[in-house]
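Quick note: the coordinates plus some simple rules give every number you see, no bench work behind them. Since the structure is predicted, the reported quantities are computational estimates derived from the model, not experimental observations. Cβ atoms come from the backbone with ideal geometry, glycine included; neighbour counts cover every protein chain shown.
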């Protein structure tokens with residue numbers, strides 16, 4: 001019998017809670033079981049918990065003996081995870097436990113996301129609450145829902161749900177870094193009416209782009225990785241110029257905050273040999289563009305089935321041209337913080353239905369007027385193609401406070417523990433700190449976590465040794481705040 005991938009991992013309390021979370025389905029919108037798990041754990045430990053109408057949970061943890069007068073600290077994370085998997089995986093995120101594997105210095109999953117984003121934060125909060133060696137004042141463990149689909153749980157928080165004025169967000173993903181700011185963002189949708197006419201004629205092909213690395217649309221957007229939707233649209237445009245092409249189906253992407261790794265289309269062509277030549281040339285072009293960032297990419301054109309009527313020529317062209325025109329990638333670098341992406345956008349999802357196509361974009365910036373400017377660009381492209389642009393809502397950024405008292409404590413504690421100051425950074429991703437800071441005025445906030453790589457993709461992994469450092473830093477900082 002093979003050993004558990006969790007065997008021997010330290011700190012034992014944290015890993016035990018994380019292992020339990022990997023067995024609970026908790027993709028965004030399906031956090032009920034995870035919330036029940038947290039509340040059952042709280043009841044067993046004698047902690048008080050409550051849940052609001054949106055599904056957010058807060059657990060009130062008494063102070064360590066003698067620290068009852070210390071300030072209340074909110075430990076915050078989110079219950080949901082992104083469910084992304086390889087096309088070859090049969091995993092059912094609504095039912096199956098995550099297939100966790102250990103790969104040297106890392107814990108990962110077999111063909112799926114791991115859920116360390118934000119399972120690590122949840123597990124750390126629960127572990128410190130029952131750790132007899134931890135010293136802390138009163139704690140409020142705030143676990144939100146639907147963070148990964150628009151920070152919805154945080155946006156639904158009501159006044160008074162938590163009382164603490166110090167918050168440690170445990171949802172960052174870089175060892176040795178403390179985050180003091182994050183980007184805001186907004187989602188956009190373009191709904192394009194399409195017409196289908198005639199019948200499929202010619203050879204039916206299923207064209208698939210797969211094997212791109214994808215990743216988090218904020219954290220990984222500056223890695224230069226290929227967007228499978230954009231590249232599929234480019235290939236189809238080349239085929240449109242080379243052969244008689246009918247477009248029957250097209251789809252790609254899955255989550256607004258994940259760079260699309262796969263996309264596929266069903267087409268008919270009149271010259272299969274010419275298609276093969278175009279695909280071969282395109283494969284070589286992709287190797288030149290993404291050979292280093294996405295060495296595992298694949299382009300296939302295999303025999304398919306014509307289950308749908310083809311789009312009219314006008315609808316085909318409008319859809320392909322709109323996908324090509326939609327912006328994607330880094331749009332501006334920060335003028336205030338060297339190396340920080342200021343503004344970006346992710347062409348995230350395309351779906352073709354019987355009478356319409358829907359395209360979703362997710363845009364981010366640390367300068368909120370820039371988000372509006374990107375949306376204006378997206379909406380203009382949509383209108384030029386004859387599509388209806390829709391604003392899907394957004395969330396505020398979190399502006400750094402370099403005079404934060406809890407930041408000063410964190411720097412001091414980190415230097416004492418590890419012999420160096422932490423990196424003090426802002427992140428090009430949406431943390432819940434911005435929204436919570438608006439909901440509960442006067443909050444002093446930081447965000448930190450262990451080393452998590454390639455979140456929002458099946459390549460997600462957490463570096464094992466950084467988890468112990470993360471947990472040790474959390475405990476030391478809580479003890480320092482408690483006095």
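Test of understanding: ordering 293, 268, 113 by Cβ neighbours within 10 Å, fewest first, what list do you get?
Listed from fewest to most nearby Cβ atoms, that is 293, 268, 113.
For the range 400-483, what is one quarter of the convex hull surface built on the Cα atoms, given in nm²?
Values: hull surface 26.4 nm².
Computed as one quarter of the Cα hull surface, the answer is 6.6 nm².
Any chance you could run the full-extension gain for residue 289 through residue 313? It's 0.36 nm times the residue separation minus the Cα-Cα distance, nm to one decimal.
Length difference between fully extended and current span is 5.7 nm.
For the range 1-40, compute the orientation-averaged projected area of the C-alpha convex hull (one quarter of its surface), in nm².
Working: hull surface 14.7 nm².
If I average the Cα hull's projected area over directions, I get 3.7 nm².
For 182, 433, which order do you get if you count the other beta carbons within 10 Å of each Cβ and list the fewest first?
Least to most surrounded, the residues fall as 433, 182.
On a 0 to 90° scale, report how tilted helix 228-242 is relative to the longest principal axis of the chain, with both axes built from alpha carbons and the result rounded to the nearest 10.
On a 0 to 90 degree scale, this one is about 10.
Sort 126, 231 so the one with the fewest other Cβ atoms within 10 Å of its own Cβ comes first.
By the 10 Å Cβ count, ascending, the order reads 231, 126.
Semi-axes of the equivalent ellipsoid for the range 240-346, please: Cα gyration tensor eigenvalues, times 5, square-rooted, ordered largest first, whole Å.
That gives 31, 18, 13 Å for the three semi-axes.
Using the eigenvalues of the Cα gyration tensor, what equivalent ellipsoid semi-axes result for the chain when each is taken as the square root of five times the eigenvalue, whole Å, largest first?
In descending order, the three semi-axes are 44, 23, 20 Å.
Return the percentage of antiparallel bridges among DSSP beta bridges fully within the chain, rounded to the nearest 5 %.
80
Quick check: the angle from helix 368-384's long axis to the longest principal axis of the chain, C-alpha only, nearest 10 degrees?
Long axis of 368-384 versus the principal axis of the chain: about 20 degrees.
Divide, for the range 133-267, the radius of gyration over alpha carbons by 2.2 N^0.38 Å, where N is the residue count.
Values: Rg = 22.3 Å, N = 135, 2.2 N^0.38 = 14.2 Å.
That works out to 1.57 for the range 133-267.
More than 25 angstrom separation, counting every C-alpha pair in the range 186-395; what % is that?
Within the range 186-395, distances greater than 25 Å cover 37 percent of Cα pairs.
Hey, rough spin-label estimate for residue 421 and residue 300, points 7 angstrom out along Cα→Cβ, what's it come to in nanometres?
My value for the distance between the label points is 5.3 nm.
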